[in-house]
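Just so it is clear, none of the values below were taken in a lab; they were calculated from the coordinates. Every value quoted in this text rests on a predicted model; they were computed, and no experiment measured them. Quick reminder, even Gly has a Cβ in these numbers, built from the backbone with ideal geometry, and neighbours come from all protein chains shown.
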Amino acid sequence: MGRTVRDGLRLTADQEQFVELAREFAAREIRPRARAVDEADTESPLDLWKRASELGLTSFMIPEKVGGGGVTDLLTQVLIQQELCHGDIGIGNLITSNGFFSAPVEHLGTPEQQERFLGPLGTPEPPLTAVAVTEPGSGSDAASIQTSAVRDGDSYVLNGQKTWISNAPYAEMFVIFATVDPALRSRGVTAFVVPRDTPGLAVGPPFQKMGQRAIVNAEVFLDDVRVPVENRLGEEGQAFAGLMRTFDASRILIGAATTGLARAALDFATAYAREREQFGVPIIRHQAVAFRLADMATRVDTSHLLTVRAATLYDAGCSVTQESAMAKLVGSENAMWCTHAAVQTLGGYGYSREYPVERWMRDAKLEEIEEGTSDIQRLVISRGLGAR
């Protein structure tokens, strides 16, 4: 039974085509390379990025008016993201990472800025990009960033340090979030597009990470970086609201990515349980294993349906701050639970690097941390219930 029928979703022919393209690319290109990419540790698979870009998978979310694929509805993006991350969540997130850069440019930028900064992303050989929000002393509290932006004539001068910036070693353009006045907190946060070759911008060495090694992270240093006013996105102080709107979408996409990962763990563990025999029968016939798989299947569908609901509401123009937090919270924690359950199902083999489930468990942990920890998601949800 196809996914469209199973989920009760009626997709257009174009939607079906994109989802099938992502599913085939994940199976043919991503899954076979995942272990080698993980073991390379601090190198992104740029050859895979290139092949994905040739198929439009790196730019499907970019508006058609600036040369992208024009898949601007979040529901379709969610379904594509899930399929890519079913192949491997780190590589899948790398392939769609330019969408994170494009979001603040779309939300805050002028038509001219969108053409100038997003146009290159739809070309046959698009650049990698990055978004720089997190700082050594500012993670979950994005309003407390200290990177300064001081107006000087027709330019701003940026000074500060960013950390855990995805794609930083390869990015050719950055959206840098800075503040025109730290005392203003969120009302001072302003965003700028900064090309990599801007004098004063430097990138540190790659971080060595637990998982999702396909995306390389590093620090970004800003030392008297001069940025023209025409590279400012929106007005001074508007970027925090734009960032929160970006998070509304990106947290839903994390829900999709983690659903793909959890589904991969379920598929692998189920196939293993049907083949592995103990006490004379396949272990899937032992109730302890069967019930664990049943719980995994239930959690996968719960994550998927919450994510689809949030994306549908987003596309309808609804406020989805609470729903996106739920999709991210449930998706990430279910992925952690399901990958752990897969390791348990494989027993000693699950602890071996010969099998993918130990890698998937390492990969899953990031999603309980990035773009707001599970604690932050619960805070967001509780505030929606009136806990202020």
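Observations, loosely collected:
- Over region 3-122, relative contact order from alpha-carbon pairs under 8 Å, at least 6 apart, %: 28
- Short-range pairs are left out: with C-alpha atoms under 8 Å and at least six residues apart, the relative contact order of the chain is 16 percent.
- Stretchable slack from Glu115 to Met210, in nm (0.36 nm times residue separation minus alpha-carbon distance): 30.5 nm
- Phi-derived couplings, Karplus 6.51 cos²θ - 1.76 cosθ + 1.60 at θ = phi - 60°, listed residue by residue for region 334-346: 5, 5, 5, 5, 5, 5, 4, 5, 5, 4, 4, 5, 7 Hz, with x used for Gly and Pro.
- Stretching the chain fully between Asp223 and Ser319 yields a gain of 30.8 nm (0.36 nm per residue, less the alpha carbon separation).
- Applying the Karplus relation 6.51 cos²θ - 1.76 cosθ + 1.60 with θ = phi - 60° to region 351-364 yields 3J(HN,Hα) values of 8, 8, 6, 5, 10, x, 5, 5, 5, 5, 5, 5, 5, 5 Hz, where x marks Gly and Pro.
- Ranking Trp49, Asn231, Ala256 by how far each Cα lies toward the positive end of the dipole of the chain (charges on Cβ) leaves Ala256 at the top.
- Helical content alone sets the calculated 222 nm signal of the chain at -16000 deg cm²/dmol, taking -39,500 (n - 2.57) per DSSP H segment of four or more residues and averaging over every residue.
- FRET efficiency, Ala27 to Ala202 (Cβ-Cβ, R0 45 Å, nearest 0.05): 0.70
- Rg ratio (alpha-carbon, reference 2.2 N^0.38 Å) - region 240-384: 1.16
- Across region 243-253, computed HN-Hα scalar couplings (Karplus, 6.51 cos²θ - 1.76 cosθ + 1.60, θ = phi - 60°) run 5, 5, 5, 4, 4, 4, 7, 5, 5, 5, 5 Hz from first to last residue, x flagging Gly and Pro.
- Taking one quarter of the surface of the convex hull spanned by the alpha-carbon atoms of region 3-122 gives a direction-averaged projected area of 7.8 nm².
- Cα-Cα separations in region 216-264 greater than 12 Å, expressed as whole percent: 76
- Note on Lys50: lysines with a C-alpha under 25 Å away, same-chain residues under 8 apart excluded, are Lys65, Lys209.
- Per-peptide packing, taken as the mean over residues of other Cβ atoms within 10 Å, places 62-73, 186-197, 126-137 in the sequence 126-137, 186-197, 62-73 from highest down.
- Taken over the Cα atoms of region 129-236, the convex hull encloses 95 Å³ per residue.
- Close amide H partners of Glu172, meaning residues 5 or more places away or on another chain with modelled amide H under 5 Å apart, are Leu128, Thr129.
- For region 273-294 versus region 36-67, the gap between their alpha-carbon centres in whole angstrom: 38
- Sites Thr302 and Asp141 - FRET efficiency at Förster radius 35 Å, r taken between beta-carbons, to 0.05: 0.75
- Highest-first packing order for the peptide set 113-120, 275-282 is 113-120, 275-282, based on the mean count of other beta carbon atoms within 10 Å.
- Label positions at Arg276 and Lys50, each projected 7 Å from the Cα along the C-beta direction, are separated by 3.9 nm.
- Straight-line cross-link reach from Lys328 at under 20 Å between alpha-carbon atoms covers these lysines, not counting any fewer than eight positions away in the same chain: Lys365.
- Per-residue packing, averaged as other Cβ atoms within 10 Å, sorts the ranges 17-25, 31-39 into the order 17-25, 31-39, beginning with the highest.
- Taking the longest Cα principal axis of the chain as reference, the axis of helix 287-315 is set at about 30 degrees.
- Cα centroid separation, region 107-180 to region 325-388 (Å): 28
- Label-to-label distance, Thr12 versus Thr72, with points set 7 angstrom from Cα along the beta-carbon direction: 1.2 nm.
- Cβ-defined net charge surrounding Asp267, 12 Å radius [Lys, Arg +1; Asp, Glu -1]: +3
- Among Leu128, Ala103, Pro32 - extreme Cα towards positive end, dipole of region 31-154, charges at beta-carbon: Pro32
- Take every Cα pair under 8 Å whose residues are at least 6 apart in sequence, average their separation, divide by the length of region 50-185, and the relative contact order is 22 percent.
- Extending 7 Å from the Cα toward the beta-carbon at both Arg35 and Leu379 defines two label points whose distance is 4.1 nm.
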